[in-house]
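The values are calculated or read from the model by the stated rules, or taken from the named source; none is laboratory data. As the structure is a prediction and not an experimental result, all values here were calculated from the model. Glycine gets a Cβ as well: all are built from the backbone with ideal geometry, and neighbour counts include every protein chain shown.
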Amino acid sequence: EDDFASEWFSKVSDPKFQCSASSYEDTEPSDNPNVQEIYKIAKDCKELDARWDYNFKSKSKVKKNGMFEGVASISMAENVKRDLRPEHNNYKFGFRYNKCIIPFDQNIKKISGRFVNDKLEGHVRVDFHSGSFALGYAKGSKFVGTLRWFGEDRKLLKLEYVGKQPSKQSQEEPSTILLLIQDEYKMKRLLTQQSSLVGRILVTDNFQPLISCEQESEEIFHQCYVIEKVRSKINDCSIDLKQISQPESDAKKTFSWNLKSDHKVWHGQSKFKECSPEWETEAITDGIRKWIKSMENDKSDPFWAETFENREPWIENSEGLPSTISLRFPDLQGRNFASDPHYGIKITTQHGDSLKIVKENWTEKDRMEFVAQTKSNDWLQTLDIEGRLINFNTDNPLLRLKEPSNKTFYVQGKIRNGQLHGNVRRFGRYITDSQSLCSTTIFSGLSFVGRYDNGQITGPMWRFVVGNGAIYGIADENGRLTGKRIAFIYPDLETVYLGEFDNGIMVKGQQSAITGYRCVNGILELKFSEPSGPFFHFKAPTNETFGDQPLLTDILDDKYIIVKESKVEHEVADEGAFATRDIPKSTTITLYSGMYFTKQQIELYNNRTAAARAARNATADDMWYDSKYHGSMPECQGATITIPAHLGSMDSYRATLGHKLNHQFKPNCAYGGVLDSPRFGFIRAFFTLRDIKKGEELFINYGYSTETGPKWYTELYKKMLESGEIETDVPKPNPFGMLEIDE
Ligand SMILES: C[S@@+](CC[C@H](N)C(=O)[O-])C[C@H]1O[C@@H](n2cnc3c(N)ncnc32)[C@H](O)[C@@H]1O
């Protein structure tokens with residue numbers, strides 16, 4: 001029996017196959033007034049969408065009165081604005097006979113069939129200007145029975161059953177397929193009319209097996225089971241599928257199914273594969289890294305299999321709109337992202353209703369409310385909605401739906417009763433310190449993983465920061481990383497500050513280590529060793545201070561680096577940085593903090609040192625000496641981090657050691673962008689370009705100009721060229737040029 005279904009499908013998929021007229025005999029056009037006629041004769045050519053610019057071409061002679069009769073076609077020019085329509089010679093039928101028509105779609109190119117008394121009767125083909133077309137059967141110009149839609153490539157897009165159902169011939173309930181789509185996963189989705197399958201759809205690739213599911217989104221299905229026995233009754237182009245075997249009442253036989261990854265999770269299985277609920281104490285770093293990687297992949301949802309056992313109905317208010325959705329992001333309270341146009345919110349709804357945000361209101365500072373309404377009943381619509389978020393204190397106009405870009409701030413989670421509930425991921429990073437020059441910028445990347453309970457963040461939560469560090473802890477009662485045992489984890493996922501934090505800001509932290517990890521409900525949890533050593537805290541540097549602990553080396557730099565006399569043989573080489581241990585490739589090993597100058601402040605500073613040089617008739621190289629520790633922060637409104645040259649000794653400053661790395665044209669380290677650090681705020685950081693052995697000197701490529709750079713640099717460049725150690729065009733190490741000077 002099942003083979004018949006796939007045979008039937010290959011038949012109806014072929015546009016050359018014509019459904020037999022007899023199979024339409026029992027069918028009637030729908031009396032639903034919303035079911036449109038393929039075309040209507042307009043009472044008045046001024047009617048909306050009425051067209052006179054068509055041609056009626058018949059195999060026999062056209063009647064003198066312009067009546068549509070016989071095997072014929074109506075063709076139309078590509079629709080342009082009414083007033084701009086060219087006076088096509090070929091499309092003047094309506095003008096000639098003062099007879100306008102209203103087609104059901106303005107993109108129709110041609111309607112072909114048999115016309116009787118101005119109406120379409122029998123087989124009909126509708127062609128669109130795009131190249132796609134529909135094949136069906138009309139009674140009184142309305143489609144009845146099976147209507148097939150084909151794409152420009154002549155592939156079947158959709159098969160739907162229109163009009164009234166065939167009159168019941170037996171007591172058996174028909175289960176006519178209403179809709180059949182081949183999706184990008186090469187699956188056919190069948191929506192049947194059988195009442196016992198209400199709300200379910202059948203998914204299959206070749207009708208064997210047939211899987212019955214509740215659809216949650218385009219690719220996620222829940223409560224699926226395999227229908228083992230199906231009987232199909234095929235009436236030429238239409239098909240009735242009847243499930244003979246009852247689904248096993250045993251819930252163990254049901255599963256959730258991710259079509260995109262073709263991943264099935266059976267009832268009772270753990271929904272989260274990322275890591276186990278038992279504490280792991282071996283290979284901790286690798287385990288954590290693996291979990292973070294799976295969370296970072298925004299193409300696949302790690303929480304897709306999570307369902308809500310007790311789904312609650314969508315509450316509608318009196319106007320038929322669903323209840324308000326409000327999303328709480330406590331850590332964003334009081335922040336302003338108004339300067340960035342890319343923030344948005346993306347929500348996957350719990351039901352599969354597609355929602356469009358029509359209005360937003362801020363009722364409290366830290367709370368956003370959307371009023372949302374269902375967009376349509378079209379079950380193929382995407383379930384993701386995205387709106388622009390949070391223009392504080394602004395009356396925002398209509399929110400636009402848009403695709404998330406990698407710089408977008410967006411949220412992925414489930415909503416129950418209008419509130420986030422269950423595991424939630426957020427993308428789009430922002431600087432922890434809201435006073436920072438970069439605090440209004442959204443950076444790309446995963447920024448939050450945690451669990452909401454009816455709108456409130458509860459339990460362990462993760463905030464990922466720019467530069468790939470993470471803040472981890474148990475959320476306080478306000479859903480914030482505030483408390484006495486919050487951790488900042490450096491990008492090596494090993495070096496850790498543990499202690500008191502206030503909404504992600506370190507108040508009092510000491511060094512600790514991660515001693516174990518596990519996953520509960522898909523969220524990674526950590527165990528730490530007792531913290532020890534000196535206390536550290538957040539204190540942003542200014543143009544006058546290094547923060548307030550300039551002689552206390554950061555735990556990251558202290559772990560990886562020791563400063564000694566450089567091995568570089570040059571009179572100005574001075575000190576250099578050396579690895580204290582074997583370090584793997586791609587490890588963030590040192591920070592680059594110092595004093596923090598805004599664009600204006602660094603200009604003043606440079607002018608001052610230039611004036612001093614002029615007064616003493618300094619050489620060109622003295623300029624390079626004065627600015628040897630300059631590192632620009634182009635991300636932060638043109639700010640510069642530097643250590644004034646006269647404070648360059650370890651006795652004056654050693655809180656961070658990035659400025660002690662010397663230059664090589666073939667370096668073993670590189671500028672790794674920026675890092676939102678727990679002590680200094682937003683600064684720069686360096687990482688290893690290859691595996692490094694204990695004791696090796698560490699270098700980066702300064703990226704100075706090989707013509708106008710300092711003497712030691714241009715000379716070294718020449719020497720390297722002559723010895724053939726580098727090619728002429730040394731690749732620029734990074735777009736900003738480490739220590740490049742803004743002249
Ligand atoms: C960012 S600092 C590096 C740390 C510096 N050596 C120190 O002791 O503070 C840059 C300065 O280091 C020296 N330097 C760096 N790389 C060098 C190299 N390959 N040859 C000679 N001098 C170098 C130059 O004096 C340069 O101005």
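Taking the stretch 706-729 as the region of interest, how many residues are modelled with pLDDT under 90 and more than 14 Å from the ligand (Cβ to nearest atom)? Total meeting the criteria: 6.
Within the stretch 609-621, the set of residues being within 16 Å of the ligand (Cβ to nearest atom) and not hydroxyl-bearing (Ser, Thr, Tyr) comprises Arg613, Ala618, Ala620, Asp621.
Residues in the stretch 522-561 that are in contact with an Asp or Glu (Cβ under 8 Å, 6 or more places away or on another chain) and on the phi > 0 side of the Ramachandran plot: Gly522 only. Within the stretch 523-578, the set of residues being within 16 Å of the ligand (Cβ to nearest atom) and acidic (Asp, Glu) comprises Asp557, Glu565, Glu569, Glu571, Asp574, Glu575.
Whenever a residue of the stretch 549-569 is over 18 Å from Phe680 (Cα atoms), its partners that are more than 13 Å from the ligand (Cβ to nearest atom) and not in a strand (DSSP E or B), lying with C-beta atoms within less than 9 angstrom and at least six residues away or across chains, give the pairs Tyr560/Asp492; Tyr560/Thr495; Tyr560/Thr580; Tyr560/Arg581; Tyr560/Thr587; Ile561/Thr553; Ile561/Thr580; Ile562/Thr580. Evaluate the following for Thr590: is it within 14 Å of the ligand (Cβ to nearest atom), within 39 Å of the chain's Cα centre (by Cα) and more than 21 Å from Leu698 (Cα to Cα)? Taking the combined requirement at face value, the residue does not satisfy it.
Note on the stretch 622-632: residues that are near the ligand (Cβ under 9 Å from one of its atoms) and over 13 Å from Ile643 (Cβ atoms) amount to 1.
For the stretch 545-559, the set of residues classified as among the acidic types (Asp, Glu) and either under 37 Å from the mean Cα position of the chain (by Cα) or at pLDDT 95 or above (or both) consists of Asp554, Asp557, Asp558, listed by residue number. Considering the stretch 419-449, and only residues there that are crowded, with 22+ Cβ neighbours inside 10 Å and small (Gly, Ala, Ser), the residue that is nearest to Lys539 (Cα to Cα) turns out to be Ser447. Does any residue of the stretch 106-115 turn out to be assigned by TED's automatic domain parsing to the domain that holds Ala72, among the polar types (S, T, N, Q) and modelled with pLDDT of 95 or more? Taking every residue of the stretch 106-115 in turn, at least one turns out to be assigned by TED's automatic domain parsing to the domain that holds Ala72, among the polar types (S, T, N, Q) and modelled with pLDDT of 95 or more.
Just to be sure before I move on: is Arg581 in the same structural domain as Pro634 (by TED's automatic domain parsing), assigned to a helix (DSSP H, G or I) and not acidic (Asp, Glu) in the structure I sent? So Arg581 fails the test.
The set of residues in the stretch 684-698 being within 15 Å of the ligand (Cβ to nearest atom) and under 37 Å from the mean Cα position of the chain (by Cα) consists of Arg684, Ala685, Phe686.
On inspection, Leu661 qualifies as within 14 Å of the ligand (Cβ to nearest atom) and in contact with a Cys (Cβ under 9 Å, 6 or more places away or on another chain).
Every condition in (1) farther than 14 Å from Gly681 by Cβ; (2) away from the ligand (no atom under 16 Å from the Cβ) holds for Thr598 except the one numbered (1). Taking the numbered list (1) modelled with pLDDT of 95 or more; (2) among the acidic types (Asp, Glu); (3) away from the ligand (no atom under 14 Å from the Cβ) in turn, Glu635 passes all entries but (1). Can you find, within the stretch 460-511, the residue that is farthest from Phe448 (Cα to Cα) among those that are charged (D, E, K, R) and part of a strand (DSSP E or B)? Ranking the candidates gives Lys508 first. The set of residues in the stretch 26-51 that are at pLDDT below 85 and out of contact with any strand residue (DSSP E or B) (no Cβ under 6 Å at 6 or more places or on another chain) comprises Asp26, Glu28, Ser30, Asp31, Asn32, Pro33, Asn34, Val35, Gln36.
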